[in-house]
Amino acid sequence: MKYEINEETMAIIPVDANNSKVLELRNEYVVPEPSFQIMEENCEYYGSTYDGRVKAAKKILNFSYKLPLIIEESEKIIFFPTKASTSNDCVWINHSFVEKRIKSGNNTKVIFKNGTELEFNISKLSFENQLLRAGMLASTISKRIKQR
């Protein structure tokens with residue numbers, strides 16, 4: 001594994017087919033792996049498989065595509081994709097760092113909690129649906145953890 005997702009990871013953005021830019025609260029890195037591979041490896045690192053995380057999200061949310069993923073439960077690290085997860089230009093965003101989203105033509109400008117502003121190739125409506133799903137997943141997991 002070349003990058004460990006942590007509680008400060010805000011987004012994983014493809015640079016090209018073999019590299020990703022990782023944005024953290026205070027740092028930025030280029031990691032020599034595709035974004036999907038980073039997600040797969042981190043699911044395994046935190047005790048599951050990518051397919052297992054997808055299956056759980058499907059069951060919890062009753063949706064079947066572009067699902068948010070629980071990377072790590074106790075810290076509530078949940079990412080959502082901007083496109084099909086295996087797409088070379090799929091960006092993964094940690095829902096808890098999104099401060100604002102603004103329509104920018106056919107794209108969405110995202111302002112993260114640390115003030116970083118980035119524009120993504122996703123409509124504002126689609127972005128908001130993805131953010132909502134991630135929030136629903138986070139809420140369900142929080143409730144289940146509290147019920148223990």
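Values in this text are rule-based calculations from the coordinates and carry no lab data. Please read these numbers as outputs of a predicted model, since none were measured by experiment. Don't worry about glycine lacking a Cβ; one is built from the backbone with ideal geometry, like all the others, and counts go over all protein chains shown.
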### Query
Farthest toward the dipole's positive end in the chain, which of Tyr3, Gly105, Ile141, given Cβ charges of +1 (Lys, Arg) and -1 (Asp, Glu) about the Cα centre?
Ile141
### Query
Counting Lys and Arg as +1 and Asp and Glu as -1, each charge on the Cβ, what is the dipole of the chain about the Cα centre in debye, to the nearest 20?
900
### Message
Which aspartates and glutamates, if any, have their Cα less than 18 Å from the Cα of Lys2, not counting same-chain residues under 8 positions apart?
### Response
Asp16, Glu24, Glu28, Glu33, Glu40, Glu41, Glu44, Glu72
### Task
Counting helices only, and only those DSSP H runs with n ≥ 4, report the 222 nm mean residue ellipticity of the chain as the sum of -39,500 (n - 2.57) divided by its residues, in deg cm²/dmol to the nearest 500.
-10000 deg cm²/dmol
### Task
Just rank Ser142, Ser48, Ser74, fewest to most, by other beta-carbon atoms within 10 angstrom.
Ser74, Ser142, Ser48
### Query
For the chain, how big is the tail of P(r) above 25 Å, as a whole percent of Cα pairs?
21
### Query
With a ≥ b ≥ c the root eigenvalues of the C-alpha gyration tensor of the stretch 3-56, is it rounded (a/c under 1.5), prolate (a/b larger than b/c) or oblate?
oblate
### Residues listed by number, the stretch 46-90, amide nitrogen under 16 Å from Gln147 label point at 7 Å toward C-beta
57, 59-62
#### Entry: Thr116 versus Asn19: modelled label distance in nm, points set 7 Å from Cα along the beta carbon direction
1.6
### Task
Order by neighbour count: Val110, Val54, Val30, fewest other Cβ atoms within 10 Å first, most last.
Val30, Val54, Val110
### Message
I need Arg144, Arg101, Arg133 ordered by Cβ neighbour count within 10 Å, fewest first.
### Response
Arg144, Arg101, Arg133
### Query
In straight Cα distance, which lysines are under 27 Å from Lys100, not counting same-chain residues fewer than 8 positions off?
Lys21, Lys58, Lys66, Lys76, Lys83, Lys109, Lys113, Lys124, Lys143
